[in-house]
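The values are calculated or read from the model by the stated rules, or taken from the named source; none is laboratory data. Keep in mind the model is a prediction, meaning the values are calculated, not measured. Cβ sites come from the backbone with ideal geometry, for glycine too, and all protein chains shown count toward neighbours.
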Amino acid sequence: MRVPVVRHSTLRRRALRRRVLWTGGELLVTVGVVLLLLVVHQLWWTNRQAQHNADREVRALEREWGAPGTPGPAGPSAGAGAAETEAGGGDGSARAPERERGAGSTDTSAAAPRWSRAYAVLTVPRLGLRVPVAEGVSKRDVLNKGYVGHYKGSQQPGQTGNFALAGHRNTHGEPFRYINRLRPGDTVRVETASAVFTYVVDRTLPRTSARDGGVIGPVPRSSVRPSYGYSEPGYYITLTTCTPEYTSTYRLVVWGKLRSMKPR
């Protein structure tokens, strides 16, 4: 009867293979844990942190506006006690806000807000959304803080033209995650230190190119899909965000028209 002989070299090779397999398994588990932590950070922690920052900024603005003699960064200069003014015609065009007799000018011109600083609050009742609006659309300085950003060069609330905004759809507070749920007739309110502006959702562009600058023009109209948008000057608001979710390939656009503005 022959007794099988196992050489030392064979044992060493087997031991080396076991060590390689074990080390590889440990590396795979470690990489998996790291990736899981990154996903948790991106999808949960950034949302929690940004929403906390945004809520804190909204409360700070409300306290600031409650102080007597606070100057308004934007909005009409109508005197105290002026009645709510209306804008917008039933045919889809907008007319200039009516001037309250003896209340002063309804000119909405004012000094430009400071870059990346919150100066207004956007409220969307259907979505339960209340979020600060800051000047600019920088990711680091504005959007990643959970704020909504105002496109530089577009108009301010209540001014003739287009008050255009951007916000994250996913992560970092994701304030615009559900704007696809908005329907014609839903209200969007913008509050500043001097006035409250109420817009009414009018149209939605489900998808367009990320380079479609026409959607935030003074008379918003898609340059990629020209059948979407407007052809006459008016008082507009534009909300833009990424689509589909968790990508930045395209843009989703919601438009509204100014219905009323009420001085504080």
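Among residues belonging to the stretch 215-250 that are over 15 Å from Pro175 (Cα atoms) and charged (D, E, K, R), point out the one that is nearest to the chain's Cα centre (by Cα).
Top of the filtered list is Arg221.
Mind listing just one residue for me: the one in the stretch 205-229 that is surrounded by fewer than 19 Cβ atoms within 10 Å (Cβ to Cβ) and in contact (Cβ under 8 Å) with a residue 24 or more places away in the chain and, of those, nearest to Pro125 (Cα to Cα)?
So, considering only residues that are surrounded by fewer than 19 Cβ atoms within 10 Å (Cβ to Cβ) and in contact (Cβ under 8 Å) with a residue 24 or more places away in the chain, the one nearest to Pro125 (Cα to Cα) is Pro206.
Any chance the stretch 122-133 includes a residue that's of a type outside the set (Asp, Glu), under 23 Å from Asp212 (Cβ atoms) and in contact with a helix residue (DSSP H, G or I) (Cβ under 7 Å, 6 or more places away or on another chain)?
So in the stretch 122-133, the residues of a type outside the set (Asp, Glu) come out as 122-133.
Of the ones still in play, those that are also under 23 Å from Asp212 (Cβ atoms) are 122, 124, 133.
Pick out the ones that are also in contact with a helix residue (DSSP H, G or I) (Cβ under 7 Å, 6 or more places away or on another chain) and you get none.
No: the stretch 122-133 contains no residue that is of a type outside the set (Asp, Glu), under 23 Å from Asp212 (Cβ atoms) and in contact with a helix residue (DSSP H, G or I) (Cβ under 7 Å, 6 or more places away or on another chain).
Against the conditions (1) surrounded by fewer than 19 Cβ atoms within 10 Å (Cβ to Cβ); (2) within 28 Å of Trp45 (Cβ to Cβ), where does Gly149 fall short? Just the number, please.
(1)
Of everything in the stretch 224-261, what is of a type in the set (Lys, Arg) and at pLDDT below 95? Give them in sequence order.
Start the filter on the stretch 224-261 by keeping residues that are of a type in the set (Lys, Arg), which leaves 225, 251, 257, 259.
Within the stretch 224-261, none qualify.
Across the stretch 230-246, which residue is nearest to Thr187 (Cα to Cα) among those that are surrounded by fewer than 24 Cβ atoms within 10 Å (Cβ to Cβ) and polar (S, T, N, Q)? Before you say what the answer is, go through the steps one by one.
As a first pass, look at the stretch 230-246 and keep what is surrounded by fewer than 24 Cβ atoms within 10 Å (Cβ to Cβ): 230-234, 238, 242-246.
Those left that are additionally polar (S, T, N, Q): 231, 238, 243.
Details: Ser231: 22, Thr238: 13, Thr243: 22 Å.
For the stretch 230-246, the residue satisfying everything is Thr238.
Pairs needed: first member in the stretch 246-261, touching a residue at least 24 places away in the same chain (Cβ under 8 Å); second member anywhere, of a type in the set (Val, Ile, Thr) and part of a loop (DSSP other than H, G, I, E, B); C-beta distance under 9 Å; at least 6 residues apart or different chains.
Tyr246/Thr171; Met261/Thr106; Met261/Thr108
Would you confirm, using the coordinates I've provided, whether Ser248 is assigned to a loop (DSSP other than H, G, I, E, B), polar (S, T, N, Q) and under 15 Å from Ala166 (Cβ atoms)?
The answer is yes for Ser248.
Can Val200 be described as surrounded by fewer than 18 Cβ atoms within 10 Å (Cβ to Cβ), at pLDDT 95 or above, among the hydrophobic types (A, V, I, L, M, F, W, C) and assigned to a loop (DSSP other than H, G, I, E, B)?
Values: surrounded by fewer than 18 Cβ atoms within 10 Å (Cβ to Cβ): yes; at pLDDT 95 or above: yes; among the hydrophobic types (A, V, I, L, M, F, W, C): yes; assigned to a loop (DSSP other than H, G, I, E, B): no.
No, not satisfied.
Kindly indicate whether any position in the stretch 206-219 is modelled with pLDDT of 95 or more, assigned to a strand (DSSP E or B) and under 25 Å from Glu62 (Cβ atoms). Step through it out loud before you land on a result.
Filtering the stretch 206-219 down to residues modelled with pLDDT of 95 or more leaves 206-219.
Next, from what is left, pick out any that are assigned to a strand (DSSP E or B): 206-209.
Going one step further and asking which of them are under 25 Å from Glu62 (Cβ atoms), we end up with none.
So far as the stretch 206-219 goes, no, none of its residues is modelled with pLDDT of 95 or more, assigned to a strand (DSSP E or B) and under 25 Å from Glu62 (Cβ atoms).
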